[in-house]
Amino acid sequence: MSEGLFRLPRPDRAEIAPGAVHVPGWLSPDGRRELVAACREWARGPVPIRHTRLPGGGVMSVQTVCVGWHWQPYRYTRTAADVNGRPVAAFPGWLGELGRSAVAAAYGDPEAAARYSPDTALINFYDGSARMGLHQDKEERSDAPVVSISIGDSCVFRFGNTENRGRPYTDVELVSGDLFVFGGPSRFAYHGVPKVLPGNGDPAAGLTGGRLNITLRETGLDG
Ligand code: MD3
Ligand code: FE
């Protein structure tokens, strides 16, 4: 049987912009299942997953839980003053290893991989109607890459420019298991998730509905 008859070809690796590399299907089914299980534990506590409150009084449609450092608009802290005041879960060594293997896969650069030392993970859960508007991530004091892993329902990911929320931007479909690494000139680009695509989730990974995204970052903060 020729799988080419039944599956659209997906490239091994695609550089969407300088330093922005998409690696379709990077995380194995077992890796997805284990990562979903870890995220479920973090979602329970010590700081439960929540809809982040915005300073203007709104709440994000996405639900987020943090590991290593707690992000709230627009800073990182060790304790979650906006949730329950507790210290966030420690950033485990295996998650740093996952980040280094992701950088190696995206860039094919063993030295860039070896020096990557993420100290925070933001875990975002999208139900079918959640979205994330175009924004930049600027709270980190490091220009190290951001590693993003998607599991569950697919989405439209919008990758913009570093100047403003407008065009030009590129829309990319992210599927369960896909890796995206944003470094170099792409590190401070605007980006967002305008749409989750229903009904093509990943039950084998333990997600019957919705989309999970895990981003690893270096905060550049100490202590
Ligand atoms: C490009 N999350 O948590 S991941 C976020 O799918 C966030 O949940 C989206 O944007 C999500 O801040 C997009 C891809 C991503 C994450 C961080 C980036 C792309 C990025 C930082 C700089 C440039
Ligand atoms: Fe972001």
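The values are calculated or read from the model by the stated rules, or taken from the named source; none is laboratory data. The shown structure was predicted, so the numbers you read here are calculated from the model rather than taken from an experiment. In this analysis, Cβ positions are derived from the backbone assuming ideal geometry, glycine residues included, and neighbour counts consider all displayed protein chains. We work out accessible area using only protein heavy atoms, side chains counted, and drop any ligands, DNA or RNA first. Shrake-Rupley method; radii C 1.70, N 1.55, O 1.52, S 1.80 Å.
Can you tell which of VAL175, VAL196, VAL181 is away from ligand 1 (no atom under 12 Å from the Cβ) and closer than 24 Å to PRO11 by Cβ?
Selected residue: VAL175, the only one of VAL175, VAL196, VAL181 that is away from ligand 1 (no atom under 12 Å from the Cβ) and closer than 24 Å to PRO11 by Cβ.
Out of the range 208-219, which residues are more than 16 Å from ligand 2 (Cβ to nearest atom) and either open to solvent by 50 Å² or more (accessible area, probe 1.4 Å) or closer than 22 Å to ALA102 by Cα (or both)?
THR208
Can you pull out the residues in the range 176-206 that are touching a Gly at 6+ places or on another chain (Cβ under 9 Å) and either within 11 Å of ligand 2 (Cβ to nearest atom) or of a type in the set (D, E, K, R) (or both)?
Answer for the range 176-206, where residues must be touching a Gly at 6+ places or on another chain (Cβ under 9 Å) and either within 11 Å of ligand 2 (Cβ to nearest atom) or of a type in the set (D, E, K, R) (or both): ASP178, PHE182, ARG187, ALA189, TYR190, HIS191, GLY192, VAL193, ASP202.
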